[in-house]
Amino acid sequence: MAAVPAGLFAVYKPPGVAWNCVRDAVEARLLRELNAAPARPPRSRIRFLPAASTGPPGLVAVRVPVLAEHRLVRGPRFTQLKIGAGHRLDVKASGVFVLGVGHGNKLLTHLYNCHLSKVYTVRGQFGKATEDFSDTGKLIEKTTFDHITREKLERILAVIQGTNHKALLMHSNIDMKTQEAYELAVKGLIRPMGKSPPIITAIRCLQFALPEFQLEIHCLHETQQYLRKVVHEIGLELKSSAVCTQVRRTRDGVFTLDDALLRTQWNLQSIQNAIVDCQLRVKTELEKTMGHWDGSVLQEMDADTAHSADS
């Protein structure tokens, strides 16, 4: 009988597909494979049946299967799995999408409370503006862009990063003159540990070939629509306009593109392997972050891990 997977894993969400459709497809594939796995045979019980011989009537003890436990009687063993979704991606975006199954749903909550940064590659195109800041939106204006250079773009990016760095320190609610602030800075743990506006922790230009460009953005508490708006505002700062042509998440906390399972790998064996491969990294990150802020989380996580191993 196949074991039900429990833990965290990442899949690659393609563009043009809703995140809940991806989750439902993974759940349907897991249910299909779990129910198709060989099950233990039905229990048997002793029944006394009339003897088949021609002699004097009597009863014979016979071992017969319990039909109530037969697969054709009770139906599929698994009808649903509790699969939780991590930081979501909208329909147009693609990239790393973290899912949790079993006690992995609790780990999703703990990782969310760690407020880990995410990394995106964002493609843009100068010369036009749309209502929703994407290249598929309703066109509202066209502008010239010949005056834009990579140096001018990188100057704007430096201003954006500097402004967001001040916001990061402000929303972290830490006195920067204290020993605590120094220790958190050494560990890389200076980040808002509560709700805050979207914050860009790093931004740089990867490619520049007018009218197109590509950025790498590290951020917290963002939405994909916010990143498209950033591209639009960069165009305005450069006395032009710009639309976003692609938003792709390449990292979500400890999960990277290398960990993300492609559609052909959304099967029971690959998911179980992915959970094992990421287990140590998840625990290390939780020990690093939650160990400083809330040590009780680690005790709870160890208890859940031991319980799942026993079951």
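Things to note:
- Residue within region 87-94 that is in contact with an Asp or Glu (Cβ under 8 Å, 6 or more places away or on another chain), assigned to a strand (DSSP E or B), touching a residue at least 60 places away in the same chain (Cβ under 8 Å) and open to solvent by 40 Å² or more (accessible area, probe 1.4 Å) present: no
- Pairs with Cβ under 6 Å, 6+ apart, first in region 216-243 and at negative phi, second acidic (Asp, Glu) and surrounded by 16 or more Cβ atoms within 10 Å (Cβ to Cβ): Val243/Asp135
- Among the residues of region 173-204, those identified as at pLDDT 75 or above and among the polar types (S, T, N, Q) are Ser196, Thr201.
- When region 219-240 is filtered for residues that are farther than 22 Å from Lys152 by Cβ and crowded, with 18+ Cβ neighbours inside 10 Å, the ones remaining, listed by number, are Cys219, Leu220, His221, Glu222, Gln224.
- Subset of region 124-155 [open to solvent by 50 Å² or more (accessible area, probe 1.4 Å), in contact with a Cys (Cβ under 7 Å, 6 or more places away or on another chain) and in a strand (DSSP E or B)]: none
- Condition check for Gly104: open to solvent by less than 50 Å² (accessible area, probe 1.4 Å), over 27 Å from Phe255 (Cβ atoms) and modelled with pLDDT under 95: no
- Condition check for Val243: touching a Lys or Arg at 6+ places or on another chain (Cβ under 9 Å) and either buried (at least 19 other Cβ atoms within 10 Å of the Cβ) or assigned to a strand (DSSP E or B) (or both): yes
- Strands (runs of 3 or more DSSP E) fully within region 1-82 counting 3 or more residues that are open to solvent by less than 40 Å² (accessible area, probe 1.4 Å) and at pLDDT 80 or above: 7-13
- Hey, Asp302 under 22 Å from the mean Cα position of the chain (by Cα) and modelled with pLDDT of 95 or more or not: no
- Candidate set from region 107-123 (those that are out of contact with any Gly (no Cβ under 8 Å at 6 or more places or on another chain) and within 30 Å of Leu34 (Cα to Cα)); member that is least open to solvent (accessible area, probe 1.4 Å): His110
Condition check ((1) open to solvent by less than 50 Å² (accessible area, probe 1.4 Å); (2) under 20 Å from Phe133 (Cβ atoms); (3) modelled with pLDDT of 95 or more) across all residues:
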{"position": "Ile217", "(1), (2), (3)": "yes, yes, yes"}
{"position": "Arg248", "(1), (2), (3)": "no, yes, yes"}
{"position": "Ser270", "(1), (2), (3)": "yes, no, yes"}
{"position": "Ser311", "(1), (2), (3)": "no, no, no"}
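- Among the conditions (1) closer than 24 Å to Glu216 by Cα; (2) touching a residue at least 60 places away in the same chain (Cβ under 8 Å), Tyr112 misses just one, which is (2).
- Taken over region 191-232, residues that are in a helix (DSSP H, G or I) and hydroxyl-bearing (Ser, Thr, Tyr) amount to 1.
- Candidate set: region 123-173, residues that are touching a residue at least 40 places away in the same chain (Cβ under 8 Å) and of a type in the set (Ser, Thr, Tyr); chosen: the one nearest to Gln214 (Cα to Cα): Ser134
- Residue tally, condition under 22 Å from the mean Cα position of the chain (by Cα), closer than 23 Å to Asp146 by Cα and among the aliphatic types (A, V, I, L, M), over region 204-253: 1
The values are calculated or read from the model by the stated rules, or taken from the named source; none is laboratory data. Here the structure is a predicted model, which is why all the values come from computation and not from measurement. FYI the Cβ positions are ideal-geometry reconstructions off the backbone, even for glycines, and counts take in every protein chain you see. Surface accessibility is based on the protein's heavy atoms, side chains included, excluding ligands, DNA and RNA. Shrake-Rupley method; radii C 1.70, N 1.55, O 1.52, S 1.80 Å.
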